[in-house]
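Worksheet: one structure, shown below.
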Amino acid sequence: MEQIARIVTQIRARWPHTRILPRADSGFAREALMGWCEANAVDYIFGLARNARLKDTIAAELGEAQQESQQTGKPARRFKDFTWSTLKSWSRERRVIAKAEWTRSEENPRFIVTTLTKGDGRHLYEDIYCARGEMENRIKECQIDLFADRTSTATMAANQLRLWFASMAYVLIEGTRRLALQATDLADATCGTIRRKLFKIGALVTISVRRIKFAIASGCPYKAVFATAHRALDTT
């Protein structure tokens, strides 16, 4: 809670009219944090750990999803929107949205709790809450593909510099993907794939007074992608 309060205070000091919407997993669905957000006009969407009481609330929806899945052979889901409170830990009832899903011959219920009063449950779950997963994928991409997790030096300053370089590398590769690779096979490639197939390739570099010439092997499998990206960046 202290960190959220510190971040929100700093954001509002610079941008007082900016809307802030914390999204997090069920580990953050705690009374102290939710109460602070509600008292300070900060909306939130948090995952909510499932339990027997919550599952009983969506028993009918799970049954419908199971029946549809067994008929179609594909995953099926239903959504239910209701107010709910814990037996002891919450100070008030809150809006809970349930995803009653049946997939791979088993149930897969999920729950979120939110202060948002507008928007149907499916939209809030699929488009707002689940979008945080895509953000986490980008963080993992920076950590794994660009080695941003290598912060093993003895000083905080050195580790911070490593992260700064990794972040700058991610910005450059993301810019290349967005501006130069949309019409290529690497339009949806990860940073690691772009690094290996577009950047980490052999070439003969010739430097003269007026130009720098890169000679790539004629058998390079991604020479057309490289040329397309070069043209796009040259005209951007």
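The values are calculated or read from the model by the stated rules, or taken from the named source; none is laboratory data. Here the structure is a predicted model, which means the values were calculated and not measured. Glycine gets a Cβ as well: all are built from the backbone with ideal geometry, and neighbour counts include every protein chain shown.
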Response to the item:
Checked pairs for region 213-234, first assigned by TED's automatic domain parsing to the domain that holds Ala203, second outside any helix (DSSP H, G or I) and surrounded by 14 or more Cβ atoms within 10 Å (Cβ to Cβ), C-beta under 6 Å and 6 or more apart or across chains, list as Lys223/Ile216; Val225/Thr184; Val225/Leu186; Thr228/Thr184; Ala229/Leu181
Practice prompt. Report yes if some residue within region 109-129 is part of a strand (DSSP E or B), without any contact (Cβ under 8 Å) to a residue 60 or more places away in the chain and either among the polar types (S, T, N, Q) or farther than 19 Å from Leu21 by Cβ (or both); otherwise report no.
Written response: no
Item to complete: Working only within region 4-25, note down all residues that are in a loop (DSSP other than H, G, I, E, B), surrounded by fewer than 12 Cβ atoms within 10 Å (Cβ to Cβ) and not charged (D, E, K, R).
Response: Trp15, Pro16, His17, Thr18
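Report, by residue number, each residue of region 108-143 that is of a type in the set (S, T, N, Q) and under 12 Å from the mean Cα position of the chain (by Cα).
Looking only at region 108-143, we keep the residues that are of a type in the set (S, T, N, Q), and these are 108, 114-115, 117, 137, 143.
Scanning region 108-143 gives a single hit, Asn137.
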Worksheet item: Among Ile128, Ile144, Ile97, which is the only one that is more than 28 Å from Leu33 (Cα to Cα) and either surrounded by 13 or more Cβ atoms within 10 Å (Cβ to Cβ) or assigned by TED's automatic domain parsing to the domain that holds Arg196 (or both)?
Response: Ile144
